[in-house]
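The values are calculated or read from the model by the stated rules, or taken from the named source; none is laboratory data. What you are looking at is a predicted structure, and each value in this text was computed from that prediction instead of being measured. Counting neighbours? That spans all protein chains shown, and the Cβs are built from the backbone with ideal geometry, glycine included.
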Amino acid sequence: MWASVIAVVGTLLGSVSTYLLQQRGADRAALRRDRLTAVTALTVALADHRRAMWVREDLRLSGADTAACEAARAESHATRSAITAPLATLSILAPALAAVAQDAATATYRLRGAESPQALNAARAAAITASERLTREASKTF
């Protein structure tokens, strides 16, 4: 009789332990997937904004007509706005990456107001480097 009770209790404990381990693994996988999605969304948004700012500033520096400059300005406003959500999401889901993510965004914002084509290209290169650093750090984190 006692042997049967012990066998049933052991089976139940084994089932509960297995369930809890599987649930924990699934939760970790979901968090990892969400973090990866946030990093990907942010790097895409940064690349889009970097391109839009380079076009905008290149037009300004080359003395392009007002209509072209205004269109580029509107595009850069839209792409800058697109950075906000993934940056916030990443900062919440992966606080260890918050500083490096903010550095990548700040480096991208620095394309604005470049004093020369050379300064614009240098700012672009710095923004690319900062985005690559974000990707490297993210790969180490999760």
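Scanning the stretch 95-119 for residues that are among the aliphatic types (A, V, I, L, M), outside any helix (DSSP H, G or I) and more than 16 Å from ALA47 (Cβ to Cβ) gives a single hit, ALA114.
When you scan the stretch 14-37, do you find a residue that is modelled with pLDDT of 95 or more and under 30 Å from ALA119 (Cβ atoms), even just one? No, that holds for no residue.
Count of the stretch 39-65 residues, restricted to those that are crowded, with 18+ Cβ neighbours inside 10 Å and within 11 Å of the chain's Cα centre (by Cα), is 5. Checked against the criterion of being among the small types (Gly, Ala, Ser), surrounded by 12 or more Cβ atoms within 10 Å (Cβ to Cβ), assigned to a helix (DSSP H, G or I) and in contact (Cβ under 8 Å) with a residue 60 or more places away in the chain, the candidates ALA122, ALA68, ALA138 yield just one match: ALA138.
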